[in-house]
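One structure is given below, encoded as structure tokens.
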Amino acid sequence: MSPALLELRDVSKVFGDTVALAPTTLSIEDGSFVAIVGPSGCGKSTMFNVIAGLLAPDGGEVRLRDQPVTGATGHVGYMLQKDLLVPWRTVEDNITMAKRLTGRVTGSDRAEARRVARAYGLGEFLRHYPSALSGGMRQRVAFMRTLVTHQSLLLLDEPFGALDAQTRLEMQQWLLQVWKDTERTVLFITHDVDESIFLSDRVLVMSPRPGRVVADFTNTLARPRTVETLTEPAFVEMKGRIMHLLHGGAS
Amino acid sequence: MSVAGAGGFGLGRSRPRRATERVSRKVARNVGVPLLSMVLLLAVWQGIVVVFHVAPYIAPRPRAAILAVTQNWSTLWPLVLGTIRETVYGFIIGAALGLSLGVIMAKVPVLQRLVYPVLVLSQAVPIIALAAPLVLILGFSVTPKVVIVAWIVFFPVTVNVLDGLSHVDQDLLNLARVYGAPRWRTFLQIEIPATATPLFSGLKIGATYAVTGAIIGELAASDGSSLALYQEHANSNLNTAAVYGTTMLMTAIGISWFLLVVGAEVYATPWQRRTVARRSWRRVRDEIDA
């Protein structure tokens with residue numbers, strides 16, 4: 001069995017009368033790209049918040065590299081649909097924000113930020129304020145900020161959810177490139193089934209009331225993935241099965 | 001999923017800022033137009049006095065009021081300095097007090113509920129009614145004037161800072177938590193800069209009222225010489241031109257102080273109107289290192 005980077009053991013969370021996350025056990029392989037797809041209220045974001053340490057679970061345990069991290073923070077990279085760039089900092093200073101919040105930003109931190117920005121197409125904008133950037137560029141900066149935290153595990157919560165279709169496709173390909181280069185483990189929440197298959201090695205399908213994982217698909221589509229991938233029979237077949245789980249079962 | 005979270009995402013500004021605007025155009029818009037409105041104001045004044053044949057002892061022409069100032073400049077200048085000193089000291093103390101109170105109240109909700117009514121009460125008291133007892137307590141010095149200015153200035157600052165701190169994006173604060181940031185760093189790096197805009201709104205309101213506070217103090221403490229007393233003397237001598245001239249001077253002090261605060265805001269919040277950051281010493285150092 002390949003090494004698990006992240007493990008959830010019977011993790012659960014209840015808000016009042018609502019079971020946001022029923023006891024869930026999961027194992028995420030090091031270096032993998034796992035997509036989580038499901039409708040509103042299926043507990044995707046709750047699961048993320050528990051893993052990140054923002055929420056204490058009502059039961060169960062979170063382990064990272066076989067160490068318990070339940071309820072602790074500072075061990076994951078985290079990115080939301082909102083880019084959360086601070087308007088008063090330049091692109092370069094936004095990328096180094098995590099370091100500024102936890103210690104001193106050194107010259108080598110800034111050099112790294114510049115290197116990453118140049119490598120992924122934002123070298124021209126290092127001294128720009130975020131207000132000067134487009135939505136897609138802002139999300140790239142947000143992702144670079146997540147990247148330079150040097151966390152192995154990146155939690156991406158619908159990062160491209162607010163982008164137009166064209167930009168979104170570009171960003172997906174960009175993300176796959178960066179993921180390949182930097183060898184991180186990605187947990188990626190989306191409600192876009194195409195996106196979940198296009199990006200991942202594995203798709204977890206979640207369902208609400210109570211929030212839980214109802215299916216776990218291994219995605220063996222060849223990499224690198226291109227626009228053609230979206231019309232391959234294997235892609236379409238998998239999409240059909242996931243769509244059936246999400247919509248067929250509910251009616 | 002929640003589209004509500006998308007706040008402003010991907011949308012540009014309604015009016016895109018050009019990176020390079022002709023400097024002459026910028027000066028014309030930011031300095032020329034406000035100056036024009038001042039000139040227009042004087043023209044309206046002149047027009048009313050001339051058209052309605054207003055007697056000079058009721059209202060002088062602008063020229064007479066300005067001459068009343070320039071011809072007595074050597075007498076007036078020390079008085080102007082005195083008013084400026086009261087205004088500036090009071091403003092700085094009021095701003096510091098207002099900022100501290102806003103921060104403390106935002107951080108300790110119990111204290112907020114306890115102190116807020118007192119603060120509102122402090123502003124409901126007519127400031128003129130307060131001036132006389134303050135002079136009795138603090139004596140005929142610069143102190144009561146400074147206290148009155150600070151009294152007026154702190155309130156809009158506190159209210160705006162409190163408002164700003166309670167509207168910092170919760171997701172941003174959560175992100176800082178995910179990074180494992182200590183609370184004081186989150187406060188310094190996120191909450192304080194996020195409050196810059198409301199803080200300056202409060203400071204600008206305070207700046208416009210600060211001179212009024214100083215003049216009220218000067219009136220109440222009728223000691224020695226002050227701009228307010230100079231005006232009172234001019235009034236009792238039916239020297240209307242000097243009365244108007246002194247009013248213009250007081251107004252000019254208020255406007256200048258307001259403009260200084262605006263200047264400080266422009267300097268302290270470059271991201272509000274620039275697309276690219278100013279060159280910083282740190283940037284230069286990094287370039288040398290590279």
Counting only residues that are buried (at least 17 other Cβ atoms within 10 Å of the Cβ) and in contact (Cβ under 8 Å) with a residue 40 or more places away in the chain, which one in the stretch A:10-24 is farthest from A:Pro210 (Cα to Cα)?
A:Val11
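Residue-by-condition table, conditions (1) aliphatic (A, V, I, L, M); (2) more than 26 Å from B:Gln170 (Cβ to Cβ); (3) under 17 Å from the mean Cα position of the chain (by Cα):
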residue: A:Val11; (1), (2), (3): yes, no, no
residue: A:Lys44; (1), (2), (3): no, no, yes
residue: A:Phe48; (1), (2), (3): no, no, yes
residue: A:Ala52; (1), (2), (3): yes, no, yes
residue: A:Asp58; (1), (2), (3): no, no, no
Apart from one, (1) out of contact with any helix residue (DSSP H, G or I) (no Cβ under 9 Å at 6 or more places or on another chain); (2) at positive phi all hold for A:Leu84; the odd one out is (1)
Are any residues in the stretch A:177-214 touching a residue at least 60 places away in the same chain (Cβ under 8 Å), closer than 29 Å to A:Ala117 by Cα and either of a type in the set (A, V, I, L, M) or in contact with a Pro (Cβ under 7 Å, 6 or more places away or on another chain) (or both), and if so, which ones?
A:Val186, A:Leu187, A:Ile189, A:His191, A:Ile197, A:Leu199
Out of curiosity, is B:Pro144 modelled with pLDDT of 90 or more, closer than 19 Å to B:Thr83 by Cα and in a helix (DSSP H, G or I)?
yes
Count - residues of the stretch A:116-128 that are surrounded by 13 or more Cβ atoms within 10 Å (Cβ to Cβ), charged (D, E, K, R) and under 20 Å from A:Asp181 (Cα atoms)
0
Among what's in the stretch A:35-64 and is in contact with a Gly (Cβ under 9 Å, 6 or more places away or on another chain) and assigned to a loop (DSSP other than H, G, I, E, B), pick the residue that is farthest from the other protein chains (Cβ to nearest Cβ).
A:Pro57
Could you list, in sequence order, the residues of the stretch A:129-158 that are without any contact (Cβ under 8 Å) to a residue 60 or more places away in the chain, crowded, with 22+ Cβ neighbours inside 10 Å and not in a helix (DSSP H, G or I)?
A:Tyr129
Number of the exception - A:Leu64 against (1) farther than 17 Å from B:Asp171 by Cα; (2) of a type outside the set (Ser, Thr, Tyr); (3) without any contact (Cβ under 8 Å) to a residue 60 or more places away in the chain
(3)
Please determine whether any residue of the stretch B:168-185 is away from every other protein chain (no Cβ under 13 Å) and under 26 Å from B:Arg113 (Cα atoms).
no
Scanning the stretch B:114-130 for residues that are closer than 23 Å to B:Lys204 by Cα and either small (Gly, Ala, Ser) or not in a helix (DSSP H, G or I) (or both) gives B:Ser122, B:Ala124, B:Val125, B:Pro126
What number goes with the only condition from (1) within 17 Å of the chain's Cα centre (by Cα); (2) within 14 Å of another protein chain (Cβ to nearest Cβ) that A:Val69 does not pass?
(1)
Among strands (runs of 3 or more DSSP E) entirely within the stretch A:170-240, at least 1 residues that are at pLDDT below 95 and more than 13 Å from the chain's Cα centre (by Cα) occur in A:202-207, A:212-218
Filtering the stretch A:167-189 down to residues that are farther than 22 Å from A:Thr25 by Cβ and within 12 Å of chain B (Cβ to nearest Cβ) yields A:Thr167, A:Arg168, A:Met171
Given the structure, is A:Glu29 more than 9 Å from chain B (Cβ to nearest Cβ), within 15 Å of A:Leu204 (Cβ to Cβ) and surrounded by fewer than 19 Cβ atoms within 10 Å (Cβ to Cβ)?
yes
Got a sec? Which of B:Ile192, B:Ile205 is closer than 23 Å to B:Phe91 by Cα, more than 11 Å from chain A (Cβ to nearest Cβ) and either over 14 Å from the mean Cα position of the chain (by Cα) or among the β-branched types (Val, Ile, Thr) (or both)?
B:Ile205
Just for the stretch B:229-285: of the residues that are among the aliphatic types (A, V, I, L, M) and assigned to a loop (DSSP other than H, G, I, E, B), which one is nearest to the other protein chains (Cβ to nearest Cβ)?
B:Ala277
Candidate set from the stretch A:92-110 (those that are of a type in the set (Gly, Ala, Ser) and within 9 Å of chain B (Cβ to nearest Cβ)); member that is surrounded by the most Cβ atoms within 10 Å (Cβ to Cβ):
A:Ala98
Out of the residues in the stretch A:208-251 meeting the condition of being among the polar types (S, T, N, Q) and farther than 14 Å from A:Val193 by Cβ, tell me which one is surrounded by the fewest Cβ atoms within 10 Å (Cβ to Cβ).
A:Ser251
Can B:Val276 be described as surrounded by fewer than 18 Cβ atoms within 10 Å (Cβ to Cβ) and more than 17 Å from B:Leu76 (Cβ to Cβ)?
yes
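The values are calculated or read from the model by the stated rules, or taken from the named source; none is laboratory data. Model, not experiment: these values are computed from the prediction. Ideal geometry is used to build each Cβ from the backbone, glycine not excepted, and the neighbour counts take in all protein chains shown.
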